[in-house]
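A short worksheet on the structure shown next.
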Amino acid sequence: MIIQLEKSASVATITEHLKQQGYKATEVTTQHAHYLVAIGKKEFDIRTIGQLPGVRDVHRVSDDYKLVSRKWRVKPTVLDLGDGVTIGGSSLAICAGPCSIESEAQMEKVMDHLVANGVRLMRGGVFKPRSSPYAFRGLGLEGLRDFHRMARARGLKIVTEVMQVSQVEEMHDFVDVFQVGARNTQNFNLLDALGGVDKPVLLKRGISGSIEELLSSAEYVFSGGNEKLILCERGIRTFETASRNTLDLNAVPILKAKSHLPVIVDPSHGIGIREYVPTMALAGVIAGADGIVYETHETPETAASDGAQTLDFDESARLIRNLRRVYQLRSELE
């Protein structure tokens, strides 16, 4: 069960009461609230907990992932990144940019494209996990500082990948959203570290990860103290070889039914073939996604990484217009 506490609550008293009922309680303090997560099997009237001094609310949650479950927080979470930029709620978040940050000239062109099309979130990797040790692996912290400086001048928010615990602190002041890539979704040391920061964390589904495993990864971050989470379906590895991955759009309505967290879709990695990315992005919106993140570059053919799944600026502008039209249609149908 989840017990939400008032500031005046006596944790020791409530924990002792739970212990008498055969429950073990773990205290969780986040940016927004103070909780006890209680684990046990004995059935009892939870109203006896709700009547204790300092208890604001109590909910029975049977899922292994409790804090991210929709069984206790029915209202969807909306993340406010500041300056009018939100993820979740009554607007569609669009995040675009190159796979890798390559140079100031490249960043300037992408940023100009995004600003011209009213996009406020820019993705771009400065630390790149690559399958080959010989592939371009990013510009590192210096590149991130330049990325931050240029983005701030244009009112853009930054989404970029963190790969290890040691990078969290040094990246913190230059990042608006920490992205955890598919290879690190079960890097529990990294998830624990991100639980201690007061910035949103975008969790991508593992390459062979289940929906339950993604939710459990989110639970790690939440239980560490960080409620600012975004779930991302980015395709999984299956037996199919016609596309880079299999974009599991089933996951979108399932995640939104199971969790109160915002859900976004990454069609670039999901299918991995440039000509099909727009179709899958629009399908993601129809499936109920709160946002779309995709890759764009002035000349995808010359991109340092993932050019085969990257849209050029004309394709990107067309997709942005169509995403907004489809989202408006979805809103009218709802």
Whole-number Å³ per residue for the convex hull built on Cα positions in segment 123-236: 102 Å³
I want to verify a result. In a Gaussian network model of the chain, Cα cutoff 10 Å, which of these has the top mean-square fluctuation: GLN21, GLN31, GLN179? GLN21
For ILE3, what charge total do you get from the other residues with a beta carbon under 15 Å from its beta carbon, if Lys and Arg give +1 and Asp and Glu give -1? +4
Fraction of the pair-distance distribution of segment 222-334 above 18 Å, Cα-Cα pairs, percent: 53 percent
Quick one: Debye curve from the C-alpha atoms of segment 189-269, no solvent, what's log10 I(q)/I(0) at q = 0.10, 0.19 Å⁻¹? -0.24, -0.78
Which order, highest average first, do 247-254, 97-104 follow once you tally other Cβ atoms within 10 Å for each residue and take the mean per peptide? 97-104, 247-254
Over all directions, average the projected area of the Cα convex hull of the chain and note it in nm². 17.9 nm²
For the chain, take the longest principal axis of its alpha carbons; what is the angle in degrees between that and the long axis of helix 211-223, to the nearest 10 within 0 to 90? 70 degrees
What Rg and what Dmax come out for segment 31-177 when only alpha-carbon atoms are used, in angstroms? 21.0, 64
Grab the other residues whose beta carbon is less than 13 angstrom from that of ASN226, score K and R as +1, D and E as -1, and report the net. -2
Can you pull out the GluC sites (Glu not before Pro) in segment 1-95 whose DSSP state is coil and whose Cβ has at most 16 other Cβ atoms within 10 Å? GLU6, GLU43
Once you keep just the Cα pairs under 8 angstrom separated by 6 or more residues, what percentage relative contact order results for segment 110-209? 23 percent
Work out the charge dipole of segment 163-289 with +1 on the Cβ of Lys and Arg and -1 on the Cβ of Asp and Glu about the Cα centre, then indicate which of PHE178, ILE211, SER223 is farthest towards its positive end. ILE211
q = 0.21 Å⁻¹: log10 I(q)/I(0) that the Debye formula gives for segment 11-105, counting C-alpha atoms only: -1.13
Please tell me the relative contact order of segment 35-134 in percent, rounded to the nearest whole number, where contacts are Cα pairs under 8 Å and at least six residues apart. 17 percent
With N denoting the number of residues in segment 150-191, provide Rg(C-alpha) divided by 2.2 N^0.38 Å, to two decimal places. 1.26
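Just so you know, all these numbers are worked out from the coordinates, no wet-lab data involved. Since the structure is predicted, the reported quantities are computational estimates derived from the model, not experimental observations. Cβ: placed from backbone, ideal geometry, glycine included. Neighbour counts: every protein chain shown.
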